[in-house]
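The values are calculated or read from the model by the stated rules, or taken from the named source; none is laboratory data. From a predicted model like this one, the values you see are computed outputs, not experimental measurements. Backbone-built Cβ (ideal geometry, glycine too); neighbour counts: all protein chains shown. SASA here: full protein model, heavy atoms, side chains in, ligands and nucleic acids out. Shrake-Rupley method; radii C 1.70, N 1.55, O 1.52, S 1.80 Å.
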Amino acid sequence: MKKLFSLMLLSAAIGSVSAVDLTQGITHFKDQPYWGGKAKVITVDGKKVLELTSSVKGSRHFGRAFAIYSAKEKFSAQEKIIATAKVRGKGKFFIGILKYRPNNGMPITVLVEPIELTEQAKDVKFIFEMGDVFDRVFPFVQVQGEGIAYIESFKLEKTIDASLKPTPLAAASNNAAVSQAKPSSSANKVLVSTITSFYGQPYWGGKAKVVTVNGKKVLDIESTVKNGRHFGRAFAPFWVKDLYLPETKLHASVKVSGNGKFLVGLLKYRPKQGAPVSSNGKVVDLSAEAKEFKFDFEIEDLYEKVYPFLEVQGAGNVRVESFKLEKIGVKNVKITAETPLQIIVDKQISKPVEFSTSVKNDNVYVVKFGKKNSVEKIKSNKDGNLTVPAAQYPLGTNHVYAASKGVGVPCYISVVSADEYAKSDAIARTIKLKKPIRVLFLGDSLSDYYRGYNYIDRVNFWLNKYNPGKFTFHNAGIGGDFLERASNRMEAELKYQKKWMYRQEMYKGIFKDEYDYVFLWLGQNDTRCMRNQGYKVPETTQEEQNKYLTLMLNRLKKHCPKAKVVLIAPSPSDEALFLNREKTWAKSRNIAFYGKTEFVNAYDAFNRQFCKKHNLDYIDMLTAMRSISPIKELYVSDGVHLSDKGGILASDEILKFFAGKFK
């Protein structure tokens, strides 16, 4: 997404600190074509100054420049970043940071309240709390509205507190892979590492608030009487996209003082079930002197959310100075799904599901979830192979995990209606691949989401059903993508070979393969418009559409000379859902409107002209989707991302394309 996706106002004061200087000076700041503004270094009175002017980008007036530095630093959850600058000019100005978690290309953007610039240069300071583990932090400077900033000096420092132990780096999560989990990591994953995210609820006893004591933020929880019980509770409903499988171990550490009795607990939520399961740690006695306590938990079932809570029992008051919840890493567990996707007819019995594991002659958890959830143990054989017996599954997509020590890998059983299966099967059986073909898919979240069972995986299933081993693909779809960002990421892969674009790693090495086809399905985000702009301007103008399609096509022709480029018409989204939001949502709320007919039609019309001009094939996904009534059945509840039915339709349209090419 081009828009800002998180806001944080941090104005804490820091006393004397020792610090590591990360980046100093203004000469390394650069603007980017996907942001507004122009940045250049000029000389004023013999000194170099960064001049940052704003411009209009997508009807928004702003200017931004950022600095990518090469310092190899790790950032623990407790550390702070201090940015100082000397700046003058006119308009509003602030400094922000882009924070990158280990093994995760998606940055977190942190902003602060802007200040008013004056003609007289003044020193400004912005302080950022990390709140989690990160391995890269890049600063940016921004002028908002119509304005200009002259930045005379800049410095970014990381504070160091010698009393803090190094925070373990976050491991890659055990999220679903299509066929294989990487060998598990022994590194812990930090889930929560701050006390400022805790708060109480009116249906619990107690009062919780963050206060400042001796310059440091602490969490105060005071017990009260609720329903005849004296207690106080606060919880932290953080959002980490993860799945908690049986035998997952969590470790909580807390530094706390006060009076009364105290414990740490967990609220565990099963998939699609509202009522949480509560797990309480051991109860400890508090004292006036702050002490550190540790609490260990083991997950016994399948959960999709786990929130920690802090509780003082009886008449008491607690002061929490620090808190951290970690998911404990695991060594030497490897699991592969040998049958990653099955598509079967409703009421039909599936084929057995095969896994290979590093767990030999021992029990492995088999976790199933979809419309029905279950957990059981099945013993692997002497080679670590595991067979989940054939079974009947409910309509829809069913997830079947093999898991050990909290590490799990899924396969998917997609159960469809007899008519849906027959339609896809009838198309697929006509396709005759005389030789293997390989396809590169470039797209947005329609290609990126639901990996393992989305439309691309369905195409793969059907083509290999009747042409075994002859179809392979590379899915480089990235959620939130639009033409400009995809084009710039492609340029970065070809020219720079370094991570400087959002999820740059997704394009790593894509031009090293040889492809027979490249499918480009974008437009969902390009045609998006915003309420605060009167829904008058799409994310991508027609001039930008022409510019970035041309750039991408030229690069593909040069670096994938054997591949035929195919464009896919934009998805219309569920326009009615967004029209209803406009009527019912508070006027103070901004709305991202997907599927506005005017912009979707214009984008589609230009795509057609572009394909005709360059002699490219075009898959008319738009007409196919609009033929379905009600169209909302093609999407999940957000009206944008594809439901199973939407994925089946998209897969069928691509199969029709191949049927026309390979008879």
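For this structure, a couple of remarks:
- Long pairs among K57/K536; K268/K327; K508/K558; K272/K347, criterion Cα-Cα beyond 19 Å: K272/K347
- Tensor-based shape of the chain (alpha-carbon gyration tensor, a/c under 1.5 rounded, otherwise prolate or oblate): oblate
- All C-alpha pair distances within the range 421-570, sorted into 10 Å bins from zero, spread as 10, 36, 33, 16, 4, 0 percent across the bins.
- Shape class of the range 549-625 from the Cα gyration tensor (axes a ≥ b ≥ c, square roots of the eigenvalues): prolate, since a/c reaches 1.5 or more and a/b is larger than b/c.
- Computed magnitude of the charge dipole of the chain (debye, nearest 20; Cβ of K, R +1, Cβ of D, E -1): 760 debye
- Electrostatic tally near T387: other residues with Cβ closer than 11 Å to its Cβ, Lys and Arg +1, Asp and Glu -1, net 0.
- Given charges at Cβ of Lys, Arg, Asp, Glu: the chain dipole, positive-most of C560, V537, F140: C560
- Average accessible area per residue (Å²) across the chain - probe 1.4 Å, nucleic acids and ligands excluded: 45 Å²
- Intensity falloff of the range 458-519 expressed as log10 I(q)/I(0), Debye formula with alpha-carbon point scatterers, at q = 0.18, 0.20, 0.27 Å⁻¹: -0.72, -0.82, -1.15
- The DSSP beta bridges internal to the chain are antiparallel in roughly 85% of cases.
- Shape category assigned to the range 185-249 from the gyration tensor of Cα positions, a/c cut at 1.5: oblate
- Net charge of Cβ neighbours under 9 Å - reference I26; Lys, Arg +1; Asp, Glu -1: 0
- Of interest is the spacing of the C-alpha centroids, which for the range 233-281 and the range 333-385 amounts to 28 Å.
- Of the accessible area of the chain, computed with a 1.4 Å probe over protein heavy atoms only, carbon and sulfur atoms account for 50 percent.
- For the range 511-663, the antiparallel share of DSSP beta bridges with both residues in that region comes to about 30%.
- Given charges at beta-carbon only (K, R positive; D, E negative), |dipole| of the range 209-343 in Debye: 300 debye
- MRE, 222 nm, helices only [DSSP H, n ≥ 4, -39500 (n - 2.57), over the chain, to nearest 500]: -5000 deg cm²/dmol
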